[in-house]
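Each reported figure results from applying straightforward, stated rules to the coordinates on display, with no laboratory input. Only a predicted model underlies this, so the values are computations on that prediction, with no experimental measurement involved. Every residue, glycine among them, receives a Cβ derived from its backbone with ideal geometry; neighbour counts consider all protein chains shown.
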């Protein structure tokens, strides 16, 4: 399998694939190449092949992944850039969901934005007690989530919870995440999460690959049944706004955004 880089590590050990988001200096914020690499690894995994399960985790002590690196947006100039970004994001999340082998998000620390979307697309999520999960874009960047991401989140925790999470821009901790079904287990720390993820993957190594593949696909079809309402006008409105440019500037300058509503 390919797709790995210095910033996206991939190693197969004893039939388990380990993806590591490797930008700890940036809280593992994603570049476009990292998104593409994760998607490629997941597309190439085959039920009954060399990998029985894939575990995703973040390098360092502070984060699973803290969304998309803001520098990736610097060349955005109009609607086409915004629509392409969200379309590529949707495709990447679909590649994770369509992966033929089980995927486990082994989460610690910050799991926000694109990182939170990746975790939501995995089959199983386990977390350390220091989890901070959410999409704080209403107080940071001023962009939006695609309808596909909103549906995926609503499937996990319900639309009312998603609405409250996004509109308040708050982050969810470990115990609350377990209580609402976002994660299945909360462990003491990153090391404990890694150990548990390894044990889960080892368990699934002994299971019928076809059963796991068709179960995953059946659940994906149920989750995605029905057309997703068009969201192009909403995406363009958010990403081409003056507020989005202000949000990016404020983020980089480490100050509070001055929202204008336009």
Efficiency of FRET between residue 33 and residue 221 - r from beta-carbon atoms, R0 22 angstrom, step 0.05: 0.15
Peptides 134-144, 224-234, 193-203, 70-80 ordered by average Cβ neighbours within 10 Å, highest first: 134-144, 193-203, 70-80, 224-234
Acute angle (nearest 10 degrees) that the helix 242-253 long axis makes with the longest principal axis of the chain, alpha-carbon atoms: 70
Cα-based equivalent ellipsoid, the range 31-130: semi-axes from gyration tensor eigenvalues, Å: 24, 19, 10
Inter-part distance where the range 243-261 and the range 86-163 are each reduced to a Cα centre, Å: 23
Estimated [θ] at 222 nm from DSSP helical runs (n ≥ 4, -39500 (n - 2.57)) normalised by residues in the chain, nearest 500: -14000 deg cm²/dmol
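Using the beta-carbon distance between residue 228 and residue 44 and R0 = 25 Å, what value does 1/(1 + (r/R0)^6) give for FRET efficiency, to the nearest 0.05? Write out the running numbers ahead of the final one.
Numbers: r = 26 Å, r/R0 = 1.04.
With a Förster radius of 25 Å, E is 0.45.
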Shape category assigned to the range 100-221 from the gyration tensor of Cα positions, a/c cut at 1.5: oblate
Principal-axis tilt of helix 79-98 within the chain, Cα atoms, nearest 10 degrees: 20
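Can you give the extra length, in nm with one decimal, that the chain gains between residue 5 and residue 255 once fully stretched, where that is 0.36 nm per residue apart less the Cα-Cα distance? Please report the intermediate quantities before stating the final value.
Values: separation 250, 0.36 × 250 = 90.00 nm, distance 3.24 nm.
This chain segment gains 86.8 nm when fully extended.
Is the C-alpha gyration tensor of the range 168-211 telling us rounded, prolate or oblate? Criteria: a/c under 1.5 is rounded; beyond that, a/b larger than b/c is prolate, otherwise oblate.
Details: a/c = 3.57, a/b = 1.83, b/c = 1.96.
Oblate is the answer for the range 168-211, as a/c is 1.5 or above yet b/c matches or exceeds a/b.
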Helix 159-168 vs. the chain, principal-axis angle (Cα, 0 to 90°, nearest 10): 50
Reference-scaled alpha-carbon Rg (2.2 N^0.38 Å with N residues) for the chain: 0.97
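Quick one: plug the Kirkwood hydrodynamic radius of the range 114-170 (C-alpha pairs) into Stokes-Einstein at 4 °C, 1.567 mPa s, and report D in µm²/s.
Details: Rh = 11.9 Å.
For these conditions, the coefficient is 109 µm²/s.
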